[in-house]
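The values are calculated or read from the model by the stated rules, or taken from the named source; none is laboratory data. It should be emphasised that the depicted structure is a prediction, and the values quoted were computed from it without experimental measurement. No Cβ is skipped: glycine too gets one built from the backbone with ideal geometry, and neighbour counts run over all protein chains shown. Quick note on the areas: whole protein, heavy atoms, side chains included, nothing else; ligands and nucleic acids left out. Shrake-Rupley method; radii C 1.70, N 1.55, O 1.52, S 1.80 Å.
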Amino acid sequence: MSILFISDLHLEEGRPDITQAFLRFLEKRAIHAEALYILGDFFEVWIGDDGMNEYHHSIARALRRVADSGTQIFLMHGNRDFMLGRRFCREAGCTLLKGHCVIRIQGEPVLLLHGDELCTRDEVYQRKRRQIRNPLSLFFIRRLPLSIRRNMARKIREASRMHTQEAAREIIDVTPEAVTQTMLRHGVRVLIHGHTHRPAIHDLKIDGQPAQRIVLGDWDCRGWALEANERGCRLAPFSLLERATET
């Protein structure tokens, strides 16, 4: 059986095309997989599990159907949905992973990340990331009224879009030295991450040994999924407009 990896769907009610494509992906592919890993930015924004509406519950129900069929589902925080919590995961039947997770694929240790922590040249972003992801900050944010959290999320999204448009391309991509150091620290030769929206398989050298960095694509004009099985890894796009009968 295969293991599937996706990230950066940025699910929201305003993008029904992505939502429907994801539901088809669950019904046609994920339900036949051994495991599905969602490596962050699953939702465009998440202000807390207490802010869930019917849309979020519908996504949780769809995940639960796949989990109940036997597929293990694992979810990792991204920079847009880092407040996603245990309540959603219980409802969806999935396991919430820590920020750095090592799994084994065909006996090989593989490191899973969202990927934003590798963009160390983007000092402005990293400083804000440390501030808002601080446990004390999260403690107070979770206790703010929903209306205030929604307003904060809107402002953060707008600031993020402006920063991405204005920053140099190489600044908002991963830093090669950070990739090497992270892989060495975890003792792996394969790294899978998302965040940068630049899908590719990069061949590397780590301590003189061949290695790979696999970057998952975002779901916007098309979807992306990485499939790993006994034959190896295949990263491929697919149309968001596929009919439900297609796989």
> When the range 21-60 is examined, which residues are found to be open to solvent by 50 Å² or more (accessible area, probe 1.4 Å) and either without any contact (Cβ under 8 Å) to a residue 12 or more places away in the chain or touching a Ser or Thr at 6+ places or on another chain (Cβ under 6 Å) (or both)?
Replying inline: K28, I31, N53, E54
> Just for the range 100-154: of the residues that are of a type in the set (V, I, T) and more than 19 Å from the chain's Cα centre (by Cα), which one is farthest from R189 (Cα to Cα)?
Replying inline: I148
> If you go through the range 84-106 one residue at a time, do you hit one that is at pLDDT below 90 and among the hydroxyl-bearing types (S, T, Y)?
Replying inline: no
>> Checking the structure you have, find out if any residue of the range 93-102 is in contact (Cβ under 8 Å) with a residue 60 or more places away in the chain, touching a Pro at 6+ places or on another chain (Cβ under 8 Å) and under 22 Å from P199 (Cα atoms).
In response: yes
> What are the residues in the range 130-144 that are among the aliphatic types (A, V, I, L, M), open to solvent by less than 70 Å² (accessible area, probe 1.4 Å) and in a helix (DSSP H, G or I), if any?
Replying inline: I132, L138, I141
>> Any residue at all in the range 29-44 that's of a type in the set (K, R) and out of contact with any strand residue (DSSP E or B) (no Cβ under 7 Å at 6 or more places or on another chain)?
In response: no
> For the range 107-119, what are the residues that are surrounded by fewer than 16 Cβ atoms within 10 Å (Cβ to Cβ) and of a type outside the set (D, E, K, R)?
Replying inline: G107, P109
> Restricting attention to the range 145-157, which residues are open to solvent by 60 Å² or more (accessible area, probe 1.4 Å) and within 17 Å of H195 (Cα to Cα)?
Replying inline: I156
>> If E54 satisfies all but one of (1) under 15 Å from G194 (Cβ atoms); (2) at pLDDT 95 or above, what's the number of the condition it fails?
In response: (1)
> Hey, H10 hits all of (1) surrounded by 16 or more Cβ atoms within 10 Å (Cβ to Cβ); (2) of a type outside the set (A, V, I, L, M, F, W, C); (3) farther than 14 Å from W219 by Cβ but one; which does it fall short on?
Replying inline: (3)
>> open to solvent by 20 Å² or more (accessible area, probe 1.4 Å), within 19 Å of E177 (Cβ to Cβ) and among the basic types (K, R): is that true of R104 in this structure?
In response: no
> Do the conditions hold for I171, that is, is it in contact with a Lys or Arg (Cβ under 8 Å, 6 or more places away or on another chain), within 20 Å of D122 (Cα to Cα) and at pLDDT below 95?
Replying inline: yes
> Going through the range 206-233 one residue at a time, which ones are free of Cβ contacts under 8 Å to residues at least 12 places away in the same chain and farther than 16 Å from E108 by Cα?
Replying inline: G208
